[in-house]
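Report on one structure; see the data block that follows.
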Amino acid sequence: MSAQGLDRLDVWQLAALAAALGWASGIRLYAVLFVVGGVGFFHWVDLPQGLLLLAHPWVLAASGFMCCVEFLADKVPGVDSAWDLVHTFIRIPAGAALAASVFGDEPGAMMLAAAIVGGSLAAGSHVAKTGARALINTSPEPFSNWAASFGEELAVGALLWLAFANPVASLALLALLLALTVWLIPRVWRLLKAAGGSMRRAFGATKTDRPLDPTRPHADV
């Protein structure tokens with residue numbers, strides 16, 4: 001293989017990894033940190049220089065602990081939505097930082113471009129996940145919540161594995177996930193607005209239908 005072909009292959013690998021890290025960070029940030037750090041720690045793959053810090057034992061211990069906390073929090077209806085809300089301010093910048101770190105040895109313009117794309121992918125996946133889970137939590141049963149949670153973990157695991165094993169397949173899967181995100185976000189938003197309107201009407205009807213206390217003065221309507 002020529003040096004030019006090898007360079008193209010490296011660029012494809014780095015681009016696929018940066019995009020995968022950005023998207024996956026919006027779904028399972030701590031799992032991303034732990035998995036990437038773990039494969040680097042055991043030397044299963046050669047990580048880019050900017051990601052080597054994730055393989056440090058102290059960083060692995062912290063990301064592993066938070067991965068377990070996130071795994072449990074994401075399985076409890078209501079707690080998962082609160083967790084998602086708080087992590088709006090964590091997942092998106094982390095996705096941008098991880099994507100930029102993939103190109104840590106490249107010129108600054110490439111790092112900035114990767115940060116923009118990675119942050120945008122993290123924002124899209126986070127918004128889709130947060131909205132969908134809030135909608136699912138309107139159902140009293142927990143099984144749909146668990147199914148969604150395990151499905152998200154499967155998607156993240158598959159995308160990260162492909163990013164290292166087959167960059168082209170990783171980009172193809174990411175394109176499908178992005179298409180699903182674009183399709184999902186407006187529909188979830190409309191359903192959430194409709195659910196919120198129904199709750200407001202129900203609450204308003206409850207207050208209006210409450211019988212008046214004849215012992216207390218009240219204004220004529």
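The values are calculated or read from the model by the stated rules, or taken from the named source; none is laboratory data. Everything numeric in this text was worked out from a predicted model, so none of it was measured. So basically every Cβ, Gly included, is an ideal-geometry build from the backbone, and we count neighbours across all protein chains shown.
Remarks
- Val76 being among the β-branched types (Val, Ile, Thr) and either within 16 Å of Leu33 (Cα to Cα) or under 16 Å from the mean Cα position of the chain (by Cα) (or both): no
- A search for C-beta distances below 9 Å between a residue of the range 58-78 that is under 16 Å from Ser25 (Cβ atoms) and any residue that is assigned to a loop (DSSP other than H, G, I, E, B) and not hydroxyl-bearing (Ser, Thr, Tyr), counting only pairs 6+ apart in sequence or on different chains, returns Glu70/His87.
- Hits in the range 160-219 - residues which are part of a loop (DSSP other than H, G, I, E, B) and either within 32 Å of the chain's Cα centre (by Cα) or modelled with pLDDT of 60 or more (or both): Asn166, Thr215
- Any chance Arg133 is in contact with an Asp or Glu (Cβ under 6 Å, 6 or more places away or on another chain) and more than 19 Å from Gln49 (Cβ to Cβ): yes
- Single residue of the range 96-147 satisfying the filter (charged (D, E, K, R) and under 19 Å from Trp83 (Cβ atoms)) that is surrounded by the fewest Cβ atoms within 10 Å (Cβ to Cβ): Arg133
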